[in-house]
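Q: Below you will find the structure I want to go over with you.
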Amino acid sequence: MRIIAGSRKGHRIAAPKGEKTRPTSDFVREAAFNLIGPVDEATVLDLFAGSGALGLEALSRGARHAVLVDSDREACRAINANLDKLRLEATVLCQDAVRAVAADSGPYDLILCDPPYDYARLNALAPHLARILAPDGVLVYQTAARTEPAIEGLQVRTSRKYGSARLTLLEH
């Protein structure tokens, strides 16, 4: 995997060992940021961060600050190693996503949410996502291509399939 654009363009990043994470492909990450548009000076929350690829991409493209959350210790180690390698700063929280957002007051200009495709706790997570998303912010929710997420309090801006993945952008 590599950073697609920005100040760290072309730099390779490591993914956590094992099969617990499903890294977002370079193609899908590029598509996501083409849909999002500029992220200059944005505050970013990357949930289920895995390698941190989405949050790192946002920082490389000019985001002001990022919080990367993953409950897997191996993923958190990979995120910290990638931050060190790229000489970027971010807050890394090694905890459950629902617990992290429940304690967070936001607001975030951009929330990147890429849970496991069989994630069963969307109902617990969703109200917090709407609450911590800035009034003019964007939530990017990645799911399996056949799934279209609905989050109360947010409306779909666009939803597009990319192979086996779907990117849904939501806003207030």
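Q: Just round it to a whole percent: the fraction of Cα-Cα distances in the chain exceeding 29 Å.
A: Considering the chain, 9 percent of its Cα-Cα pairs are separated by more than 29 Å.
Q: Where a Cα-Cα gap under 13 Å defines reach, which aspartates and glutamates qualify for residue 9, not counting those fewer than 8 residues away within the same chain?
A: Hits, sequence-local ones excluded: 26, 30, 57.
Q: Might you report the magnitude of the Cβ-based charge dipole of the chain about its Cα centre, with Lys and Arg at +1 and Asp and Glu at -1, to the nearest 20 debye?
A: In total the dipole reaches around 520 debye.
Q: Going by C-beta contacts inside 10 Å, put 113, 94 in order with the fewest on the left.
A: The most exposed by this proxy come first: 94, 113.
Q: Place the peptides 155-164, 71-80 in order of packing, highest mean first, counting for every residue the other Cβ atoms within 10 Å and averaging per peptide.
A: 71-80, 155-164
Q: Let me ask another. So in the chain, what percent of DSSP beta bridges are antiparallel if you round to the nearest 5?
A: 45 percent
Computed from the coordinates by the stated procedures, all read-outs in this text should not be read as laboratory data. Source: prediction; values computed, not measured. All Cβ positions, even for glycine, are placed from backbone atoms using ideal geometry, and neighbour counts span all protein chains on display.
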